[in-house]
Amino acid sequence: MMEHTMSNKFSQLQNLLVTKNWQEADRETRRVMLMIAGADKRDNLLLTQQDIEKFSCNDLIIIDRLWLQYSQKRFGFGVINNIYQQVQGNYVELAKIVGWRIGDRWLNYDNIIFDISAPAGHLPVSWLVPTTFGMYWQARFARVGWELLLSRFHSCCQISTNR
């Protein structure tokens, strides 16, 4: 069903998810999100608050559905958002549950689990910052980025439900 209506901008992501190439799918998610927001044309290649707040609901939901479909419903923004809602917006608790934080230590990108055995909600993770940044940077700034994205995702889901 989704395969026939899939836009070309998502075909590479879909191919990577079909073949369970989780790390490349994570990187492709970032590339696609930057392209959709127009942030791929900026030097720093970061999504701004404005980018996230105006991010296309349709595109965000397609990205989520692809991750959900090919990960046995283990990965995707919706899975992360559900956990975030369960912990009442506590980012550190979210990070512990999805496996980005173990004890008081944030995982480095090298320690992210790119496998179906990863905790539910573990992926996608690198949409926010390039893999060259240290996890300290992510831990310090990621909370705001995730809060913005999950808020946008939640709003998009409300909009699509009310149609």
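A few remarks follow.
- With the biggest extent put first, the Cα atoms of the stretch 27-114 measure 38, 28, 26 Å across the principal axes.
- Global form of the chain, assessed from the alpha-carbon gyration tensor, a/c cut-off 1.5: rounded
- Near the amide H of ARG101, within less than 5 Å, lie the amide hydrogens of LYS96, LEU107, all on another chain or at least 5 residues away, with H placed in the peptide plane.
- The charge dipole of the chain, taken about the Cα centre with unit charges on the Cβ atoms of Lys, Arg (+1) and Asp, Glu (-1), comes to about 140 debye, rounded to the nearest 20.
- With R₀ set to 35 Å, the beta-carbon distance separating ARG31 from ARG105 gives a calculated FRET efficiency near 0.80.
- Quick note on the stretch 10-62: its Rg to Rh ratio, both from C-alpha atoms and Rh being the Kirkwood radius, is 1.00.
- Heavy-atom SASA rank of VAL144, VAL98 (probe 1.4 Å, accessible area, largest first): VAL144, VAL98
- Full-stretch length increase - LYS41, GLN23 - with 0.36 nm per residue and alpha-carbon distance subtracted: 4.2 nm
- Projected label points at ASN90 and VAL144, each 7 Å from Cα along the beta carbon direction, are separated by 2.4 nanometres.
- Ranking by accessible area, most exposed first, for HIS154, HIS122 with a 1.4 Å probe: HIS154, HIS122
The values are calculated or read from the model by the stated rules, or taken from the named source; none is laboratory data. All of these numbers come straight from a predicted model, not from anything done at the bench. All Cβ positions, even for glycine, are placed from backbone atoms using ideal geometry, and neighbour counts span all protein chains on display. With ligands, DNA and RNA removed, areas are computed over all heavy atoms of the protein, side chains included. Shrake-Rupley method; radii C 1.70, N 1.55, O 1.52, S 1.80 Å.
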